[in-house]
């Protein structure tokens, strides 16, 4: 298991370097620059600003300097927020995004597993039909539709929850977490239901029933473990979906997270800020993929043997 984990871990650094390279050239070759939107900026002042940030150098030189700084753990200064390092913005926004993402994952996976297990144990029943409708609606509605509906209902009409601002308390987390968790819960519920139905029809479950084992033991010890394999495989894409969804959610609910900084940096052509946030999201996604692979290998030993 340790050798498998080390092999998977060794692939993260090259993947991040490839991500940094692609992101660097994509954002630098896109139209516009960080100082083009400033009205009334004298040409000589603009030239001095570009020289101060090294933007007057050839693109290959800029890339080499950025990668050298990146290898030393430096993300560079923000072009728009003067006297501010990108690492400071990451440190400021990452706790908010991490709390939001972890809470959404916990709620989404827990709710999805509960709904999927109950639906899978009684297929074609009333609860299963209701769960099918729930998953279809939750998957079909994007976060930028769910968020205004929840804010309108619970914030404007009922006055139960705040619709903007940030405090690390359940009231301010409720609406953003529900917005991110609903599509995740629907996907997990669908995967769990289908996998559990298949597991309950398998030969090893029939053998366990023939031995006279209680139904609770059959479900928990024999059917549930293989039924969780598709859910574990979905964890990495699920975390990526939560991260991309947080871009919209943090902007709609005015949360000071990394997603909001990424959106603002993209609009302002803040190269270093966008690069820093992309690398943070890439590192989190790769780490989640590694964790999902390790859990999968623990559930199915054939994976690490291969």
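The values are calculated or read from the model by the stated rules, or taken from the named source; none is laboratory data. Bear in mind the structure is a predicted one, so any value in this text is a computation, not a measurement. So basically every Cβ, Gly included, is an ideal-geometry build from the backbone, and we count neighbours across all protein chains shown.
Residues in region 57-83 that are free of Cβ contacts under 8 Å to residues at least 40 places away in the same chain and in contact with a strand residue (DSSP E or B) (Cβ under 7 Å, 6 or more places away or on another chain): there are none.
Of all the listed residues (32, 54), the sole one being out of contact with any strand residue (DSSP E or B) (no Cβ under 6 Å at 6 or more places or on another chain), without any contact (Cβ under 8 Å) to a residue 24 or more places away in the chain and in a loop (DSSP other than H, G, I, E, B) is 54.
May I ask you to say which residue of 20, 15, 60 is surrounded by fewer than 12 Cβ atoms within 10 Å (Cβ to Cβ) and not assigned by TED's automatic domain parsing to the domain that holds residue 177? Step by step, each of 20, 15, 60 is checked, and only 60 is surrounded by fewer than 12 Cβ atoms within 10 Å (Cβ to Cβ) and not assigned by TED's automatic domain parsing to the domain that holds residue 177. Out of 88, 44, one residue alone is in a helix (DSSP H, G or I) and modelled with pLDDT under 85. It is 44.
Taking residue 81 as meeting all but one of (1) loosely packed, with under 13 Cβ neighbours inside 10 Å; (2) at pLDDT below 80, write down the number of the exception. Going through the list (1) loosely packed, with under 13 Cβ neighbours inside 10 Å; (2) at pLDDT below 80, residue 81 breaks only (1). Taking residues in region 280-306 that are more than 14 Å from residue 225 (Cα to Cα), and partners anywhere that are outside any helix (DSSP H, G or I) and modelled with pLDDT under 75, the pairs with Cβ atoms closer than 9 Å and at least 6 places apart or on different chains are 294/1; 304/1. Here the helices (runs of 4 or more DSSP H) wholly within region 129-223 that include at least 2 residues being within 24 Å of the chain's Cα centre (by Cα) and within 19 Å of residue 107 (Cα to Cα) are 143-150, 170-200.
Considering the conditions (1) under 22 Å from residue 281 (Cβ atoms); (2) more than 26 Å from the chain's Cα centre (by Cα); (3) not in a helix (DSSP H, G or I), residue 75 is excluded by exactly one of them, (2).
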